[in-house]
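Below you'll find the structure, written out as structure tokens, and then a few comments.
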């Protein structure tokens, strides 16, 4: 391990953030828990409704759990999900969300599944996602809503556990970032309208509470889903304004010629 890696590891530990491989394992383990499964099911419903209207050739999901896909029902043929770290048994390519091995303007749809909540540098993740998204392409951002019962619950939970160790970035702050990156917000919806409890009787009612919250269009859901579009810069040709050139007379005008003859006579 070089000196930079040692400092990076120490900085993560001081902030309470584990190594990337440990973090991805923690997130994947939480999504397999009863509470995580309820969250994933609710988010899949919202994302599926948005993706069924979007088409293209390539769709990319960014997150910290490659086993849990939100894009499998997308009509887009080529689906890309990178593994955030080298894990035993995983067949996916390994790539950091902050440095994607993709060329500029190559992806039609990007789904950011809580990648901003758990990233070391959330703004860098968003910049990378914008870089690979083609002009006119669509981006869906899922993040935990700090202004909800989930955000309120986070104040009393141990920050070492998932999902409470996440940043819970407000949609207002994310919206400011999107404006700087020339991403136009098309719509904002909410999910996770059930209480963030692990009790089985609460989780059994999660689906009915989700349906009720969606009908009310409540902005107090534990997660927001921002749908934005990358602005395409129109190419307007700049035509140079040419000033007409005055023709220089090569012979004397006829009137002048007649006037000269009259003077002679």
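Efficiency by 1/(1 + (r/R0)^6): what FRET value for residue 187 and residue 55, r their Cβ-Cβ distance, R0 = 25 Å, to the nearest 0.05?
For R0 = 25 Å, the calculated efficiency reads 0.90.
If each residue's Cβ is checked for other Cβ atoms within 10 Å, how do 190, 57, 147, 224 rank with the fewest at the top?
Ranked by crowding around the Cβ, least crowded first: 57, 147, 190, 224.
On a full-extension model of 0.36 nm per residue, what is the gain between residue 96 and residue 123, subtracting their alpha-carbon distance, rounded to one decimal in nm?
8.3 nm
Provide Rg and Dmax in Å for the stretch 18-234, with only Cα atoms included in the calculation.
According to the Cα coordinates of the stretch 18-234, Rg and Dmax are 16.4, 54 Å.
Please list the equivalent ellipsoid semi-axes of the stretch 80-181, computed as the square roots of five times the alpha-carbon gyration tensor eigenvalues, in descending order and whole angstrom. Walk me through the intermediate numbers first.
Details: eigenvalues 126, 75, 20 Å².
That gives 25, 19, 10 Å for the three semi-axes.
What distance in nm separates the two pseudo spin-label positions at residue 170 and residue 48, each 7 Å out from Cα along the beta-carbon direction?
3.4
Roughly what would the spin-label model give for residue 37 and residue 72, points 7 Å off Cα along C-beta, in nm?
1.4
Evaluate Rg over Rh across the stretch 138-231, taking Cα atoms for both radii and Kirkwood's formula for Rh.
1.01
Quote to one decimal, in nm, the extra length available between residue 161 and residue 204 on full extension: 0.36 nm per residue of separation minus the C-alpha distance between them.
Answer, rounded to one decimal: 13.2 nm.
Quick note: the coordinates plus some simple rules give every number you see, no bench work behind them. Keep in mind that this is a model prediction, so the values were computed, not measured. When we count neighbours, we look across all protein chains shown, and the Cβ atoms used for this are built from the backbone with ideal geometry, even at glycine.
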